[in-house]
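The next block holds one structure in the form of structure tokens; read it before the comments.
The values are calculated or read from the model by the stated rules, or taken from the named source; none is laboratory data. Since the structure is predicted, the reported quantities are computational estimates derived from the model, not experimental observations. Quick reminder, even Gly has a Cβ in these numbers, built from the backbone with ideal geometry, and neighbours come from all protein chains shown.
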Amino acid sequence: MRLSKAGAIWLAKKTDFVLHEIELMQHIKPRQLLQLERLLTEPYYIKDLLKLWVHSEQDAIMLQLHAGNLAQFLDNLQENSD
């Protein structure tokens, strides 16, 4: 579920909801937007095309292990879900 800017800010201020900020290697492409919507099961927010905030600690760790390579991370998720 993609969060709006207002939703992400409200969650950060009013709840204990944690969003982990990940800096990406490349800009998010349209294909990756579709993959994010399909594959991520927890809320996320696209701060700008080079920063992604994810709620899932597991997704945050995996993105860090992929060194911010969103394309590779999403392709691996897609292979595992097929």
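Within the range 1-28, can you find the residues that are exposed (fewer than 13 other Cβ atoms within 10 Å of the Cβ), more than 20 Å from residue 64 (Cβ to Cβ) and not aliphatic (A, V, I, L, M)? Passing the criteria: 4, 5, 13, 14, 15, 16. Scanning the range 50-61 for residues that are touching a residue at least 12 places away in the same chain (Cβ under 8 Å) and part of a helix (DSSP H, G or I) yields a total of 3. Restricting attention to the range 69-80 and to residues that are farther than 17 Å from residue 37 by Cβ and at pLDDT 95 or above, the residue that is surrounded by the fewest Cβ atoms within 10 Å (Cβ to Cβ) turns out to be 72.
Say whether the condition of being touching a helix residue (DSSP H, G or I) at 6+ places or on another chain (Cβ under 9 Å), at pLDDT 95 or above, surrounded by fewer than 17 Cβ atoms within 10 Å (Cβ to Cβ) and not in a helix (DSSP H, G or I) is met by at least one residue in the range 38-49. Checked against the condition, which is being touching a helix residue (DSSP H, G or I) at 6+ places or on another chain (Cβ under 9 Å), at pLDDT 95 or above, surrounded by fewer than 17 Cβ atoms within 10 Å (Cβ to Cβ) and not in a helix (DSSP H, G or I), the range 38-49 yields no hits at all.
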